[in-house]
Amino acid sequence: MSKKWRGWMIAFAFMAAFLCILARLFMIQVISTRSFSKEQIDLIKLAQFYQDREVVIDSGRGTILDRKGRSLAGEKNWSLLAFPQSEQQFQLRKSQFERLAKQIGYSPERLRKQLNDLYRPSILPDADGDELLLTPADKERIESLQIPGVFVVESDYRMTLNQLGQQVIGRVVKNTIGATKSDHTHIGATGLEAAFEPFLHGEEESVLMYTRDRSGKPLNGVQVKIKQQPNASENPPHMIKTALDKEIQRRVEKILAEEQVEEGAVVVQEIATGNILAMASRPKGYSPVGELNPWDNRALMEATPGSIFKTVVAIAALDQGIVKPDTEFDCNGELGRYGLKDDQEHGHGKQTFAEAYANSCNVVLGQVAEKLGGEKLESYAKRLGLAREIIWSGQVFKEKHFSQIPQEQTGLVFAPETSKKDPGAVVQAGIGQRDVKMTPVQATNLVTTLFHGGKPIHPRLVTEIQDVNGRPVFKFVNKYLSGAAPIKESTLKAVQQMMRSVVTDGTAVSVSKAEWPLAGKTGTAQVGVDKRFYHKWMIGYGPAERPRYSAAVVVRSVSDSDDPRAKRIFQRVMDEIARLEKEENKKKEKREKKEHQINRPKAGEKVLQKKKNARQR
């Protein structure tokens with residue numbers, strides 16, 4: 001065969017192969033896009049799975065209310081939904097964005113930063129981080145600006161940027177389990193949304209669909225559409241009335257943000273009822289902060305408590321008659337046989353048990369824990385609501401083991417492999433180290449227990465399930481933990497007074513100038529493999545003379561053992577509650593005065609009434 005023919009044959013082979021590839025691409029991209037290969041793979045749907053994303057605008061779920069009937073999630077209002085905007089995009093339409101900022105109460109710089117920081121389309125809060133509620137007039141003005149990637153939508157305020165009570169309310173996700181519900185129906189995955197899924201679930205939802213580029217960046221305003229799912233159920237979703245106070249929750253979260261807490265939690269409880277008024281956790285947001293998951297509720301997560309656990313030792317030792325508040329001790333700074341040292345190098349010297357508690361003396365509390373013994377220490381801890389789940393649980397309709405919130409950790413006193421007869425382990429446990437773990441909600445409830453005769457209550461996050469008209473269909477009745485037994489009143493009074501002395505003369509004198517007289521206990525727990533990090537705690541109650549609120553604060557994994565933020569946050573939280581009470585009392589007085597004026601007879605009416613009475617006589 002000549003070289004010429006050989007060349008033609010090679011060229012023909014290349015051409016045939018090229019034509020086959022073109023035909024194959026045509027089959028993939030045009031003919032068989034929705035049924036390619038024997039497995040009938042839908043290529044368009046597969047591409048959209050990776051490129052399309054969605055934002056739940058209106059989940060169709062039931063409303064979640066606070067204790068005063070204010071909406072925490074579920075109430076429909078006009079909201080502002082914005083796509084991420086690059087610096088270039090912002091500058092290109094700077095005048096429009098400036099007008100938008102003015103309309104929603106932002107500064108232009110704040111709006112620029114907010115939009116630059118977004119990684120997905122989000123419903124924006126107002127400039128203070130609260131709900132941004134728009135009027136129909138606001139909607140008209142914003143839409144007239146015609147900014148790509150900025151929409152006014154009717155939202156039920158779920159899964160929004162800086163959502164109040166993010167972890168306790170929980171998140172909703174697309175349902176991928178089974179085929180009984182629509183592909184576009186969302187279900188509760190965490191928090192109250194998950195626990196009350198059977199009652200809150202709704203199918204009449206609106207979802208904004210959008211497209212991402214290859215790098216995962218949302219395409220600004222490209223192929224954006226709102227998909228509405230009709231309600232396939234005849235039964236409307238229920239509402240739940242929580243024990244949370246929206247305003248207290250808001251103020252607590254603001255304090256945590258201002259104090260720049262990277263990881264931590266605050267719990268506020270109403271002492272009389274045991275109801276949880278606020279449950280705040282950090283970090284917040286939608287994307288992980290390093291290794292920290294912002295959806296983890298750190299108020300329900302166990303942590304080494306440090307010296308706040310000395311409260312358990314004090315209750316047990318006083319109740320057992322091992323010590324009295326005025327029993328004297330001598331602290332030289334170490335308990336040598338167990339390698340236990342006090343934070344005061346040369347010790348606290350001579351002091352009473354009450355003074356040792358106020359000074360958080362490791363040596364004295366370690367000695368007392370040793371006398372108490374491991375068995376009794378653990379027994380009292382469990383009796384006071386530690387090392388067990390405590391959030392309200394019980395029978396709800398046919399569900400015998402209903403729990404108001406998932407993912408609550410139990411905490412621990414001694415690990416299974418630790419001998420409770422090992423005096424070294426008992427001493428370390430007595431100062432809240434070694435195996436001991438406690439959750440912030442348990443710590444708060446421990447304080448509340450001091451005012452319930454020593455019997456721990458089941459804290460409630462939800463008080464009622466209501467129908468769509470607000471009528472209660474189920475009420476969560478207050479109850480004590482199983483096995484709860486009273487503790488001597490003299491013991492409880494003594495511990496209350498000792499907690500007060502922590503603020504007046506002990507480790508928490510920095511909070512002595514609060515709006516209310518406060519009482520509490522501080523704690524510093526060494527954590528980490530090499531003990532280089534610390535959990536900083538403060539628990540307590542206020543006002544001291546008429547206790548109405550208990551609280552626990554934990555700032556986790558800080559590098560400075562003297563970090564003052566836990567104490568400062570505790571005081572700020574109590575101060576805000578005190579101010580809120582004053583504000584509400586003033587409003588109540590003003591309202592009552594107005595009602596009295598309306599109901600009071602006018603001067604002319606009084607004269608006529610007197611004449612009428614005279615004629616009748």
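What to note about this one:
- Against the list (1) assigned by the TED database to the domain that holds residue 449; (2) in contact with a helix residue (DSSP H, G or I) (Cβ under 9 Å, 6 or more places away or on another chain); (3) not β-branched (Val, Ile, Thr), the condition residue 291 fails is (2).
- Selected residue (criterion: least open to solvent (accessible area, probe 1.4 Å)) from residues of the range 201-239 that are assigned to a loop (DSSP other than H, G, I, E, B), modelled with pLDDT of 80 or more and of a type outside the set (Asp, Glu): 202
So that you can scan it fast, the table gives a plain yes or no per residue for (1) within 27 Å of residue 300 (Cβ to Cβ); (2) hydroxyl-bearing (Ser, Thr, Tyr):
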| site | (1), (2) |
| --- | --- |
| 369 | yes, no |
| 376 | no, no |
| 380 | yes, yes |
| 388 | yes, no |
| 391 | yes, no |
| 407 | yes, no |
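- The residues in the range 66-110 that are open to solvent by 40 Å² or more (accessible area, probe 1.4 Å), touching a strand residue (DSSP E or B) at 6+ places or on another chain (Cβ under 8 Å) and polar (S, T, N, Q) can be counted, and the count is 1.
- Close Cβ contacts (under 6 Å, 6 or more residues apart or on different chains) running from residues in the range 346-366 that are open to solvent by 10 Å² or more (accessible area, probe 1.4 Å) to residues that are charged (D, E, K, R) comprise 350/330; 352/326; 352/328; 362/342.
- Residue count for the range 145-177 satisfying the condition of being out of contact with any Asp or Glu (no Cβ under 9 Å at 6 or more places or on another chain) and among the small types (Gly, Ala, Ser): 1.
- When residues in the range 539-598 are screened for being under 23 Å from residue 500 (Cα atoms) and acidic (Asp, Glu), 6 of them pass.
- Residue in the range 121-132 that is β-branched (Val, Ile, Thr), at pLDDT 95 or above and closer than 29 Å to residue 204 by Cβ present: no
- Selected residue [of a type in the set (D, E, K, R) and closer than 18 Å to residue 163 by Cα] from 319, 296: 296
- Scope the range 115-133; condition surrounded by fewer than 19 Cβ atoms within 10 Å (Cβ to Cβ) and either in contact with a helix residue (DSSP H, G or I) (Cβ under 9 Å, 6 or more places away or on another chain) or under 23 Å from residue 246 (Cβ atoms) (or both); matching residues: 116, 126, 127, 128, 129, 130, 133
- Scanning the range 403-414 for residues that are assigned to a strand (DSSP E or B) and either among the hydroxyl-bearing types (Ser, Thr, Tyr) or open to solvent by less than 40 Å² (accessible area, probe 1.4 Å) (or both) yields one hit, 403.
- Within the range 543-596, tally of residues that are open to solvent by 80 Å² or more (accessible area, probe 1.4 Å) and either basic (Lys, Arg) or in contact with a Cys (Cβ under 8 Å, 6 or more places away or on another chain) (or both): 11
- The range 475-491 residues that are within 14 Å of residue 446 (Cα to Cα), paired with ones that are modelled with pLDDT of 95 or more and surrounded by fewer than 16 Cβ atoms within 10 Å (Cβ to Cβ) (beta carbon under 7 Å, 6 or more apart): 486/453; 487/453
- When each of 371, 400, 376, 420 is tested for being in a strand (DSSP E or B), open to solvent by 10 Å² or more (accessible area, probe 1.4 Å) and charged (D, E, K, R), the lone residue that passes is 400.
The values are calculated or read from the model by the stated rules, or taken from the named source; none is laboratory data. Computed from a predicted model, the values in this text were never measured in an experiment. Glycine also receives a Cβ, built like all others from the backbone with ideal geometry; neighbour counts cover every protein chain displayed. Note: accessible area is taken over every heavy atom of the protein model, side chains too, but ligands, DNA and RNA are not part of it. Shrake-Rupley method; radii C 1.70, N 1.55, O 1.52, S 1.80 Å.
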